[in-house]
Amino acid sequence: MAGLLQALVGASEKAGTIARLCRAEEPLFQLLVAEKSGTDKNRRFLQDFKTLADVLIQEVIKHDLGKEFPELQGHIHGEESNEFKNRQGDTVVVRVCDTPGDTAALLLSVLEPEREAAELLAAAVHRDVTLGDAELASVALSIPPQDLAIWIDPIDSTNEYIGGREDVAPIDGITPAGLCSALVLIGAYDRQTGCPVLGIINEPFYCRDPLTHRWQGRYHWGVAYGDTQLSSLSPPPPRPTPCVVLSRAEGGPVRAALGPLCGDRLCFAAGAGYKMLCVILGLADAYVLSEGSTFAWDACAPHAILRALGGGAVALAGALQARRVGDTGPPPELVYNRPAEGAVGAKRWANQGGLVAYVHPQHLEAVLAALATVPGL
Ligand code: 2IP
Ligand code: CA
Ligand code: CA
């Protein structure tokens, strides 16, 4: 049996394949983009189809991992609920069945009358993935699966996934929006401590094959467990003048405080996962978010890779508070096993108070020092 890391990468590859399939196959693509016309009821159904892609990908990952590692069953969580309302208003529980035929029949109960779409999806769900990755195959870890739990974001940056823009030009290596910011994120954390341990970021739309014109993906992984720090990537070199990447929704005071630190070169990009990936790849030195608009499933996988590279993701409000009271210890990192008190629904798993993702501690320090003066943070 392959190890857990290899299984997580395999699951992310299958997820990436399904994400590509929904855009590549005409019957599925039509459902994905057909939203603009039609009745309200139809619009709602098409809106739901997008959620179906998300839900299905999450269920596939859950199914494949749970089958290979029974110890993980009941500990694999994700952004989506697997309950789905079909056009008749009935609730359908989306899951992977024993055979492609049964899965297709279940999907058809949601997608009726789109039989071809249901069959295409079911075939992809049941297809085995083989990884031709010698480096990954040679990694041997002894992390007991019964100590871990999983967070999945089946598609991060859904809006960009649906919008599907392919022609967004990168600025200094960072693509501000478009299909390439749609990512599959799978992170494993320690059930007891809530610390991220293993992370996979899969980029299903990394580039187009020049010959076939088909999308090609790539993936990155990282392990931070005890003394083990391993990654498919090497830590990027620090830039003398840091580059900070932000959400376009980030407010004026934060932009103003960080501007001078970056020589007034702030970068903007869509997708929480993509912004963390920019830090991992060294395209940016930090990602700052001042609000609780990301969730455990957005941050867990990239956070594990950042830790594997010697960095991390700190809870911004907590880190600033610790500074204010003169605490000189390491700032608090995000944890993944603790729901926010008093919150309901997805909010329970919001990274409240924002975050800073970084690789080099000097950049974290510089960012926190700059933000310490922002009123209200
Ligand atoms: C979203 C997505 C958004 C991001 C938001 C996430 O996840 O990554 O792009 O906002 O924080 O929760 P922004 O792009 O402003 O950073 P999803 O697409 O999975 O809902
Ligand atoms: Ca997300
Ligand atoms: Ca998502």
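The values are calculated or read from the model by the stated rules, or taken from the named source; none is laboratory data. Quick caveat, the model's predicted, so the values are computed rather than measured. Don't worry about glycine lacking a Cβ; one is built from the backbone with ideal geometry, like all the others, and counts go over all protein chains shown. Only protein heavy atoms, including side chains, enter the accessible area calculation; ligands, DNA and RNA are left aside. Shrake-Rupley method; radii C 1.70, N 1.55, O 1.52, S 1.80 Å.
Given a Förster distance of 25 Å, report the FRET efficiency between S293 and Q73 from their Cβ-Cβ distance, rounded to the nearest 0.05.
For R0 = 25 Å, the calculated efficiency reads 0.25.
Probe of 1.4 angstrom, ligands and nucleic acids ignored: what's the accessible area per residue over the chain, in square angstrom?
I get 44 Å² per residue for the chain.
Gain in length, T193 to A123, computed as 0.36 nm per residue apart minus the alpha-carbon separation, to one decimal in nm?
Length gained, T193 through A123: 21.4 nm.
Could you give the nm distance between label points at Q88 and D209, where each point is 7 Å from its Cα heading toward the beta carbon?
In this crude spin-label approximation the distance works out to 4.1 nm.
To the nearest 0.05, what FRET efficiency results for T228 and R348 with a Förster distance of 30 Å applied to their C-beta separation?
0.45
Provide Rg and Dmax in Å for segment 279-363, with only Cα atoms included in the calculation.
Taking only Cα atoms of segment 279-363, I get Rg and Dmax of 12.8, 37 Å.
On the accessible surface of segment 147-377, probed at 1.4 Å, how many percent belong to carbon and sulfur atoms?
Answer for segment 147-377 is 53 percent, counting heavy atoms of protein chains only.
At 7 Å along Cα-to-Cβ for each site, give me the label-to-label distance between A105 and D133 in nm.
Computed distance between label sites A105 and D133 equals 3.6 nm.
Output the antiparallel fraction of DSSP beta bridges having both residues in the chain, as a percent to the nearest 5.
85
Please identify every one of the trypsin sites (Lys or Arg not before Pro) in segment 167-269 that sits in a loop by DSSP and has no more than 16 other beta carbons within 10 Å of its own beta carbon.
Those satisfying the criteria are R191, R214, R248, R265.
Any idea what angle helix 40-68 forms with the longest principal axis of the chain, computed on alpha-carbon atoms, 0 to 90 degrees, nearest 10?
The answer is roughly 80 degrees.
Between G354, G326, G199, find the one with the highest GNM mean-square fluctuation for the chain; connect C-alpha pairs within less than 10 Å.
Most flexible of the set in this elastic network: G326.
List the residues of segment 221-245 whose backbone N lies under 12 Å from a point placed 7 Å from the Cα of N337 along the Cα-to-Cβ direction.
none
Helix 4-24 against the longest principal axis of the chain: what's the angle in degrees, Cα atoms only, rounded to the nearest 10?
On a 0 to 90 degree scale, this one is about 60.
At what distance in angstrom do the alpha carbon centres of segment 121-139 and segment 230-248 lie from each other?
About 29 Å separates the Cα centre of segment 121-139 from the one of segment 230-248.
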